[in-house]
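The values are calculated or read from the model by the stated rules, or taken from the named source; none is laboratory data. Just so we're clear, the structure is a prediction, and the values are computed from it rather than from any experiment. Surface areas here come from the heavy atoms of the whole protein model, side chains and all, with no ligands, DNA or RNA. Shrake-Rupley method; radii C 1.70, N 1.55, O 1.52, S 1.80 Å.
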Amino acid sequence: MQKSASASSLGPGGLDLSQIFFKPVQNTSPPSPTKRHTKISVIGTGNVGMAIAQTILTQDLADELALVDAIPDKLRGEMLDLQHAAAFLPRTKILASTDYSVTVGSDLCIVTAGARQIAGESRLNLLQRNVAMFQGIIPPLAQYSPDMILMIVSNPVDVLTYVAWKLSGFPSNRVIGSGTNLDSSRFRFLIADHLDVNAQDVQAYIVGEHGDSSVALWSSISVGGVPVLSFLEKQQIPYEKDTLEKIHKAVVESAYEVISLKGYTSWAIGYSAANLARSILRDQRKIHPVSVLANGFYGIGDGDVFLSLPAQLGRGGVLGVTNVHLTDEEAQRLRNSAKTISEVQSQLGL
């Protein structure tokens, strides 16, 4: 299944009207060879995948958007629904197919597909089913777009980013997971809410696993350039560690709350993934807490493990990891988080 037929062929006998509707301009030169044509592919058109696709379109991040899913009718319906909004959006060519060849030449592939947990199913069994699914997804993506950046959104994102890295054969800088980019946004929102400031003026990171063992980097939080904890100490303003822990707990539990209320999360992860896509494709070189190959950073060793660290992103993918100062407690918690992920990976047999 490909895109719907172009309306330019509605003339008699299938005549291409685009050739007669416009009068050619004389003495033209070809387009500049330096002009980039940007293509993004989204794999999986569930609630998360479509929220990402919709955000990519409204933010004008791609010249071409390819959608892939295993359910052809739903996939075509989603494609047509987006195409029908063409008059309200920046011009983007939208394709859809159950065949991965539609992704050929992508600059960025975003994978949201994943198996749903069955009642009573263990997390390990669910993970193994997702690994089996990735074995049918990642190799063809790598085949059709060997130079692309691969972004994993499917959960558990850290382990599946590792799986995607192994299956793709790509260098580690070109495989990232959405990681704690969204967790950090939630963190910034809660801090901003406490202080009654704009969340964009809050710099704060959640690192480690996208999950229960994540680590809040309280020591490096700043608001408007002012380090929060050291400011409170200098002003001799007491604060309770329990209060900080409650904020972090609220971050960890926030996704569960949204799921319990509306059945799934979609909009926030859509904005988060588009935010990462912008930094990568526009070579913004911004710092994002995303899941990267963590070996050698902050004392993390003992095998290959992907988890979230503050990383600089650009056209080459992961350009580097920021040397954020961690307290001894934060560093130990980060290493414990890496150990938690590594133990899960060891059960996969990859």
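3J(HN,Hα) along segment 136-153, derived from phi through the Karplus expression 6.51 cos²θ - 1.76 cosθ + 1.60 where θ = phi - 60°, amounts to x, 9, 5, x, x, 4, 5, 5, 7, 9, x, 10, 7, 9, 10, 10, 9, 10 Hz, with x in place of Gly and Pro. Checking (1) 63, 48, 34; (2) 80, 46, 40; (3) 70, 38, 35 against Cα extents along the principal axes in Å calculated from these atoms, the matching label is (2).
For Leu167, Leu141, Leu82, the ranking by accessible surface with the largest value first comes to Leu167, Leu82, Leu141, using a 1.4 Å probe.
Taking amide H as placed 1.01 Å from N in the peptide plane, the amide H of His210 sits under 5 Å from that of Asp158, Ser308, each at least 5 places away or on another chain.
Volume of the convex hull of segment 176-309 (Cα atoms only), normalised per residue: 138 Å³.
Let me make sure I get this right: for segment 125-179, a, b and c are the square roots of the gyration tensor eigenvalues over alpha carbons, sorted descending. Under 1.5 in a/c it's rounded, otherwise prolate if a/b > b/c, else oblate. Which is it? Could you put the intermediate results ahead of the total?
Details: a/c = 2.21, a/b = 1.36, b/c = 1.63.
In terms of gyration-tensor shape, oblate.
Phi angles across segment 201-218 convert, under the Karplus curve 6.51 cos²θ - 1.76 cosθ + 1.60 with θ = phi - 60°, into 3J(HN,Hα) values of 8, 9, 10, 7, 10, 9, 10, x, 5, 7, x, 5, 9, 4, 10, 8, 8, 5 Hz, Gly and Pro given as x.
Who wins for biggest fluctuation among Arg333, Arg116, Arg186 in a Gaussian network model of the chain, springs between alpha carbons below 10 Å? Ranking Arg333, Arg116, Arg186 by mean-square fluctuation puts Arg116 first. Shape verdict for segment 261-330, please, from the Cα gyration tensor: rounded (a/c under 1.5), prolate (a/b greater than b/c) or oblate. Since a/c reaches 1.5 but b/c is at least a/b, the shape of segment 261-330 is classed as oblate. Note on segment 50-165: Rg/Rh from Cα positions, Kirkwood definition for Rh, rounded to two decimals, is 0.99. Counting only DSSP beta bridges whose two residues both lie in the chain, roughly 50 percent are antiparallel.
Accessible surface comparison of Thr38, Thr161, Thr243, probe 1.4 Å, protein chains only, largest first: the order is Thr243, Thr38, Thr161.
With equal scatterers on the alpha carbons only and no solvent term, can you work out the Debye log10 of I(q)/I(0) for segment 107-266 at 0.10, 0.14, 0.20 1/Å? For the requested q values the scattering log ratios are -0.48, -0.82, -1.23. Derived value for segment 244-285: Kirkwood hydrodynamic radius 12.0 Å. Basis is the mean of 1/r over every pair of different alpha-carbon atoms. Within the accessible surface of segment 269-350, defined with a 1.4 Å probe on protein heavy atoms only, the carbon and sulfur portion equals 46 percent.
The 3J(HN,Hα) values that the Karplus relation (6.51, -1.76, 1.60; θ = phi - 60°) gives for segment 244-254 are, in residue order, 5, 5, 5, 5, 5, 4, 4, 5, 4, 8, 5 Hz. Gly and Pro appear as x.
Based solely on its DSSP helices, what 222 nm [θ] is calculated for the chain when runs of n ≥ 4 H residues each add -39,500 (n - 2.57) and the sum is averaged over all residues, nearest 500 deg cm²/dmol?
-13000 deg cm²/dmol
Comparing Gln135, Gln284, Gln235 in a Gaussian network model of the chain, where Cα atoms under 10 Å apart are tied by springs, the biggest mean-square fluctuation is seen for Gln235.
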